[in-house]
């Protein structure tokens with residue numbers, strides 16, 4: 001075998017080619033064409049001679065004893081070739097199995113090495129930083145952050161800017177709308193509270209005795225802004241009138257108001273120390289002062305009458321007399337002329353027609369005492385006794401008087 005052309009039909013057997021591929025670390029049978037069959041080692045192997053063993057690690061010459069075996073290259077001597085030829089005389093199935101196992105181990109080792117290299121390169125890429133020697137910025141940023149910062153799509157930046165602008169416009173519209181509403185509310189209140197809508201007419205109901213004192217308040221209410229009139233203040237002023245027990249003031253848009261009054265009920269009258277007559281209700285409150293005696297109310301007398309002003313209260317005796325005047329029955333009232341009292345209310349008496357005197361005692365239990373008095377009067381209305389005492393449960397009668 002001096003050259004490749006001398007092979008002709010004497011091409012090596014498949015077993016020999018497998019061994020050649022394994023020795024030269026060729027993974028694919030299609031790469032068998034890369035083997036130089038004219039080399040002396042091949043010729044010795046094909047001729048069946050036993051070459052001397054010779055194995056040299058090429059990588060050791062360059063990388064030292066710890067170089068990676070996956071990158072090592074070997075040169076085979078004649079003895080090695082002969083040994084390989086002897087091994088090739090085994091069964092073909094065993095050689096195929098051994099060849100597949102070795103190839104799988106090499107593939108796994110190469111895959112593991114590639115994975116380790118990729119991880120190392122990825123870690124180095126993450127740790128790598130770019131140093132910008134700009135005197136204005138003087139910042140060191142990581143490559144990953146720089147990539148993210150510079151990798152933002154222009155459309156994304158435009159989209160974000162558009163979103164921010166839209167939010168700003170929406171917020172501005174809300175602010176403007178609220179401002180406009182506030183202006184309208186303030187303007188509306190200003191117009192409604194102005195003199196354009198003021199009270200022109202005032203209606204009054206149930207005012208009998210207090211009409212004269214109520215007129216100045218009506219005058220003050222007229223002209224007030226309808227929506228801003230102090231109705232509570234006007235009610236307090238009206239209720240300070242002695243005749244008034246309760247008042248209610250309402251405004252009606254656009255230009256009117258109404259006053260509703262509940263007056264106190266007069267019960268009796270008495271002449272004070274100043275010779276002026278006082279009208280009092282059942283609670284003893286002085287409702288009015290008049291110069292002459294009011295004939296519509298029961299007269300109350302006292303040896304030392306007080307002189308309270310309108311709105312003030314008379315002593316306890318006058319309170320009892322006023323309560324008695326309100327409680328008089330239809331059969332007793334027509335014949336009662338005067339109610340005499342002590343100021344402290346310890347003694348209450350009735351002066352009946354014809355000079356009959358009825359002693360009631362204190363101002364307590366007046367209803368029961370009046371009931372006992374009616375019993376005596378019903379016995380003989382034409383001839384009443386001179387004195388009747390109903391202050392206790394046992395009624396006493398002294399003397400008689402002709403009608």
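Fully extending the segment from residue 239 to residue 395, taken as 0.36 nm per residue of separation minus the present Cα-Cα distance, adds 51.7 nm. Shown is the FRET efficiency for residue 295 and residue 228, computed with R0 = 60 Å from the Cβ-Cβ distance and rounded to the nearest 0.05: 0.80.
Can you give the FRET efficiency for residue 337 and residue 220, using 1/(1 + (r/R0)^6), R0 = 45 Å, r = Cβ-Cβ distance, to the nearest 0.05? So the FRET efficiency works out to roughly 0.50. The simple spin-label model puts a point 7 Å past each Cα toward its Cβ; for residue 367 and residue 157 those points are separated by 9.8 nm. Label point of residue 258 set 7 angstrom out along Cα-Cβ; within region 211-233, no amide nitrogen lies under 14 Å from it. One chain, two ends: residue 164 and residue 283. Fully extended at 0.36 nm per residue, the span grows by 35.1 nm beyond their Cα-Cα distance. Summary of the geometry: region 284-349 and region 209-245, compared by the centres of their Cα atoms, lie 30 Å apart.
Just so you know, the Cα atoms of region 199-263 work out to an Rg and Dmax of 10.8, 32 Å. Can you tell me how much longer the chain between residue 114 and residue 177 gets when fully stretched, taken as 0.36 nm per residue apart minus their C-alpha distance, in nm with one decimal? Length gained between residue 114 and residue 177: 16.0 nm.
The orientation-averaged shadow of the Cα convex hull for region 335-375, equal to a quarter of the hull surface, comes to 2.8 nm². As a rough guide to protection, the peptides 241-250, 224-233 ranked by mean Cβ packing within 10 Å, highest first, stand as 241-250, 224-233. Using the Cβ-Cβ distance between residue 250 and residue 374 with R0 set to 60 Å, the FRET efficiency from 1/(1 + (r/R0)^6) comes to roughly 0.80.
We did not get these values from a lab; they are worked out from the coordinates using the rules stated. Everything numeric in this text was worked out from a predicted model, so none of it was measured. Reconstructed Cβ throughout: ideal geometry from the backbone, glycine too, with neighbour counts over all protein chains shown.
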